[in-house]
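K.L.:
Structure in structure tokens, see below.
The values are calculated or read from the model by the stated rules, or taken from the named source; none is laboratory data. Owing to the predicted nature of the structure, the values given are computational and were not obtained by experimental measurement. Note that each Cβ is placed from the backbone with ideal geometry, even for glycine, and that neighbours are counted across all protein chains shown. Remember, those area values only see protein heavy atoms, side chains included, never the ligands or the DNA or RNA. Shrake-Rupley method; radii C 1.70, N 1.55, O 1.52, S 1.80 Å.
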Amino acid sequence: MEKITDNNFEEIINGEKPVLIDFYTEWCPPCKMLSPIIEEIQKEFEGKIEVFKMDIDQNPVSADRFQIDRIPMVVLFNKGEIKSSFIGFREKGDIEDWLNSNI
């Protein structure tokens with residue numbers, strides 16, 4: 001899964017397709033638990049959404065802009081605007097339902 005940075009964040013969230021970003025840190029246990037589920041989601045929703053990860057410790061500008069202060073936080077952007085988000089670990093089925101209701 002591609003990691004994004006403060007440098008390419010704006011370009012990515014303003015794309016044509018909805019964009020899911022998993023905001024995380026390397027030291028966060030729930031983030032590590034969520035990561036393989038997000039990878040499965042990426043494969044399952046290929047062609048419908050773009051999926052990326054962003055380490056908020058290494059990219060504080062974007063995290064501050066959208067007030068990402070709790071992790072893991074998963075945000076769905078549509079044309080640069082936040083469409084929906086959730087904080088914390090979720091099971092795959094819950095994430096699938098959340099995405100299907102928001103794309």
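K.L.:
Just to be sure I understand: with springs between alpha-carbon atoms less than 10 Å apart, which residue in 88, 80, 47 has the highest mean-square fluctuation in the Gaussian network model of the chain?
P.N.:
Per the Cα network of the chain with a 10 Å cutoff, 47 tops the list.
K.L.:
Next question, about the same structure. For the chain, what does the helix formula give at 222 nm: sum of -39500 (n - 2.57) over DSSP H segments with n ≥ 4, over the residue count, nearest 500 deg cm²/dmol? Let's see the in-between values first.
P.N.:
On the way: 4 runs with 38 residues, N = 103.
So the helix-based figure for the chain works out to -10500 deg cm²/dmol.
K.L.:
I would also like to ask the following. Per residue, how much accessible area does the chain have with a 1.4 Å probe, in Å²?
P.N.:
For the chain, the solvent-accessible area averages 55 Å² per residue.
K.L.:
May I pose another question? To the nearest 0.05, what FRET efficiency results for residue 86 and residue 7 with a Förster distance of 35 Å applied to their C-beta separation?
P.N.:
The value I calculate is 0.85.
K.L.:
Also: Taking loop as defined by DSSP and a crowding limit of 13 other beta carbons within 10 Å, which trypsin sites (Lys or Arg not before Pro) in the chain fit?
P.N.:
Qualifying residues, ordered by number: 48, 70, 79.
K.L.:
Another question, then. Summarise the accessible area of segment 61-103 (1.4 Å probe, protein heavy atoms) by the percent that is carbon and sulfur. Working shown, then result.
P.N.:
Working: 990 of 2460 Å².
Answer for segment 61-103: carbon and sulfur cover 40 percent of the accessible area.
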